[in-house]
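Asks: What follows is a single structure, and I will ask about it in a moment.
Each reported figure results from applying straightforward, stated rules to the coordinates on display, with no laboratory input. Predicted model only: the values in this text are computed from it and were never measured. Using ideal geometry, Cβ is built from the backbone for each residue, glycine included, and neighbour counts are taken over all protein chains shown.
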Amino acid sequence: MSDKYRIVITEYKDRLVTLLYENDRILNVFAEENVPYYVGDIFMGKVIRLDKGSSGAFIEISPGYYGYLNLRDNNLEGRLKPEDIIPVQINNDAIKTKKAGLTTEFLIDGKYLLLSPSKEVIGISSKIKNKAERQRLRDIFQDTELDGYGFVIRTMAKDASEDDIRKEAEELDKTWKELRQRIRIAPVYTRVYSGKREYEKLLLLYEDKELQIITDNKKIYEEISALKHSENIITKYYDDVVPLKNLLNLDTLFSRFTKKIVWLRSGGFIVIEPTEALVSIDVNSGKADISPKSKNKDMINEEAALEIMNQIRFRNLSGIIIVDFIDLVEPEEQERIVDIMKKEALRDSMRVDFQGFSQVNLLAITRQKRRAPLHEVFKEENEAAKI
């Protein structure tokens, strides 16, 4: 029996919320602030100030909204001055006091491929492990002449047909050529390319699955309905008396994903504390008996391993994450717990790396940082975008 997926799109506390379900189990949550830009957008920005101390530049991408461009990373040291107009892509949300991260090394994304105008190479997602499949994907582009750009082959390309991959490569090539033309003539503050919203990314990823899409946003419903879908996709506009956010019990859901303490069925609990430098996660036994004769310790650590990966994904925690399990000291036990977490990490669209255990048996994890974490999105206002 094939898996069934559901995407629900609604508004909650003035944020656009997208929820992904797999067989009625919530798989991921996305919340986007009501700001005039999103990760992936490309703007014609204006250089406001150079920060010589950190080799960066503050760029105004829209009146009153600013981002930060690292000049060294983008090979632009000594090449910009205030008032210059430059195309920049947003690659990180504004988080706390940090402004949105900007880059001039654009990425144009499709389902199977990322087009990279700055690198004439073919890369393959590290999540594709099978050597034969990696070689098959690389061979598709063996005779391709790269016209000033390259491709990154995404995880979704695994087992995809050569025809589908080549067709998308042609579409991305056309998109890039049109974008170059717009960049040449566009005035300052123009959005020359729109990155995909979270629900658009999900539609792309799950378009070949048995999928139901539900939204109470008329504009989004009409936008999605206008697209050509296969028969396995059903789109529904929700307009019942009970608001969709109440039907989904979003107050309870977001409370669960923002609270410091998460209780486990085994009786233990985990404590999640994001700080400026890292995220600390501590596994506790609670009232459970963890004496040597009891197997509760192992059960709590195993349940915590799964729940921690869920919470990291739901909360969109990123950067350095340090996990302290209960008396997890034996190498074989540590390896078993990491294997559980790695398997669950395959559900994550962000890159997750396991750095191993320290001498004091703390597990270090790193997760790719692109969007603001959930607890930051639901703050009253994110001042990092403004000055």
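Asks: When only Cα pairs under 8 Å and 6 or more residues apart are kept, what is the percent relative contact order across the stretch 42-105? Intermediate values should be presented prior to the final figure.
Replies: Details: 128 pairs, mean separation 21.8, N = 64.
Computed value for the stretch 42-105: 34 percent relative contact order.
Asks: Hey, another quick one. What net charge do the residues around residue 338 carry, taking every other residue with its C-beta under 12 Å from that of residue 338, with Lys and Arg at +1 and Asp and Glu at -1?
Replies: Neighbour charge sum, excluding residue 338 itself: -4.
Asks: For the chain, what is the charge dipole size about the Cα centre, in debye to the nearest 20, if Lys and Arg each add +1 at the Cβ and Asp and Glu each add -1 at the Cβ? Walk me through the numbers on the way to the answer.
Replies: On the way: 62 positive and 66 negative charges, 124 e Å.
Approximately 600 debye in magnitude.
Asks: Per DSSP helix of 4 or more residues, -39500 (n - 2.57); summed, then divided by the residues of the chain. What does that give at 222 nm, rounded to the nearest 500? Before the final figure, lay out the partial values.
Replies: On the way: 9 runs with 100 residues, N = 387.
Rounded to the nearest 500, the figure is -8000 deg cm²/dmol.
Asks: Determine which aspartates and glutamates satisfy two conditions relative to residue 81: a Cα distance under 15 Å, and not lying fewer than 8 residues away in the same chain.
Replies: 51, 60
Asks: Give me 103, 144 sorted ascending by neighbouring Cβ count inside 10 Å, so fewest comes first.
Replies: Numbers: 103 18, 144 12.
Final ranking by Cβ density, sparse to dense: 144, 103.
Asks: Restricting to DSSP loop positions (anything but H, G, I, E, B) with no more than 11 other Cβ atoms inside 10 Å of their own Cβ, which trypsin sites (Lys or Arg not before Pro) remain in the stretch 200-244?
Replies: Numbers: sites: 201, 209, 218, 219, 228, 236; in loops: 209, 228.
Answer by residue number: 228.
Asks: Counting Lys and Arg as +1 and Asp and Glu as -1, what is the net charge of the other residues whose Cβ lies under 12 Å from the Cβ of residue 221?
Replies: Charge balance near residue 221 sits at -1.
Asks: Using the Cα gyration tensor of the chain, with a ≥ b ≥ c the square roots of its eigenvalues, what is the shape: rounded (a/c below 1.5), prolate (a/b larger than b/c) or oblate (neither)? It would help to have the intermediate numbers written out before the result.
Replies: Numbers: a/c = 1.45, a/b = 1.37, b/c = 1.06.
It comes out rounded by the Cα gyration axes.
Asks: Tell me the relative contact order for the stretch 257-374 as a rounded percent, counting alpha carbon contacts under 8 Å between residues six or more apart.
Replies: 25
Asks: Mind telling me which of 248, 102, 211 comes out most flexible in a GNM of the chain, alpha-carbon contacts under 10 Å?
Replies: Among 248, 102, 211, the largest mean-square fluctuation in the Gaussian network model of the chain belongs to 248.
Asks: Please identify every one of the trypsin sites (Lys or Arg not before Pro) in the stretch 21-93 that sits in a loop by DSSP and has no more than 11 other beta carbons within 10 Å of its own beta carbon.
Replies: Those that pass, being in a loop and sparsely packed, are 52, 72, 79.
Asks: Does the stretch 42-105 classify as rounded, prolate or oblate by the C-alpha gyration tensor (a ≥ b ≥ c root eigenvalues; a/c under 1.5 gives rounded; else a/b over b/c gives prolate, otherwise oblate)?
Replies: Rounded is the answer for the stretch 42-105, as its axis ratio a/c remains below 1.5.
Asks: What is the diffusion coefficient of the stretch 257-374 in µm²/s, taking the Kirkwood radius over Cα pairs and the Stokes-Einstein relation at 4 °C with a viscosity of 1.567 mPa s?
Replies: Diffusion coefficient, whole number: 90 µm²/s.
Asks: Which GluC sites (Glu not before Pro) from the stretch 226-313 combine a DSSP loop assignment with at most 10 other Cβ atoms within 10 Å?
Replies: Here the GluC sites (Glu not before Pro) that fit, given the DSSP loop and packing criteria, are 231, 276.
Asks: Ranking 342, 379 by Cβ neighbours within 10 Å, fewest first, what do you get?
Replies: With the sparsest Cβ surroundings first, the list reads 379, 342.
Asks: Continuing with the same structure: Local charge sum around residue 92 (other residues, Cβ-Cβ under 11 Å, Lys/Arg +1, Asp/Glu -1)?
Replies: Taking every Cβ under 11 Å from that of residue 92, the sum is +4.
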